[in-house]
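S.K.: Can you read through this structure? Questions will come right after.
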Amino acid sequence: RKKDDKYKIRMPKLRVVQEYKDIRKSIVDVERNIFKFKKSSEEKSRKREKEEKFFRETFMYDKEINVINTATAECSVPSERRVDLPVTAGEQLDVIDVTEGHAVICRNSEGRYGYVLVEHLNFG
């Protein structure tokens, strides 16, 4: 044997190892992304529960929350009080309850509840 043969590096084995590392890395990335997705949906559900709790305490609402109708906001209206729901034009809202007067209790896509004047809504 020659001295050079002793120190020769076999490249094919190294490539296989590198490919295996790449595959493992991509699998780990996918697992991390799935974990992030679960975490964000968990945060959203916690936020919705918090909003619902606030709604029940503020509005003294002890009935079951059912969607009566859906409506679209015709114009953007900022909220002046915490109990008013700020809406943007074209936003879809779930109507939860009808109150006496010109307001209805609505829920937006983020799960926030509040009063919205009927004249700002388009039912259809």
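The values are calculated or read from the model by the stated rules, or taken from the named source; none is laboratory data. Because the structure is predicted, anything quoted here is derived from the model rather than measured. All Cβ positions, even for glycine, are placed from backbone atoms using ideal geometry, and neighbour counts span all protein chains on display. Protein only, heavy atoms only, side chains kept; ligands, DNA and RNA dropped before computing areas. Shrake-Rupley method; radii C 1.70, N 1.55, O 1.52, S 1.80 Å.
S.K.: Skip the ligands, DNA and RNA, and give the accessible area per residue of the range 69-122 with a 1.4 Å probe, whole Å².
M.R.: I get 54 Å² per residue for the range 69-122.
S.K.: Nearest 20 debye, what's the magnitude of the dipole of the range 69-122 about its Cα centre given +1 on Lys and Arg Cβ and -1 on Asp and Glu Cβ?
M.R.: 160 debye
S.K.: Using a 1.4 Å probe on the protein chains only, how many percent of the accessible area of the range 69-122 belongs to carbon and sulfur? Can you show the working numbers first?
M.R.: Working: 1390 of 2900 Å².
With neighbouring chains kept in place, the figure for the range 69-122 is 48 percent.
S.K.: On a full-extension model of 0.36 nm per residue, what is the gain between residue 60 and residue 81, subtracting their alpha-carbon distance, rounded to one decimal in nm?
M.R.: Contour length minus the Cα-Cα distance gives 5.9 nm.
S.K.: If DNA, RNA and ligands are ignored and the probe is 1.4 Å, what is the ranking of 115, 61 by accessible area, most exposed first?
M.R.: From most accessible down to least: 115, 61.
S.K.: If you don't mind, another one. So for 120, 102, what's the accessible-area order with a 1.4 Å probe, most first?
M.R.: Working: 120 40, 102 130 Å².
My answer, sorted largest first, is 102, 120.
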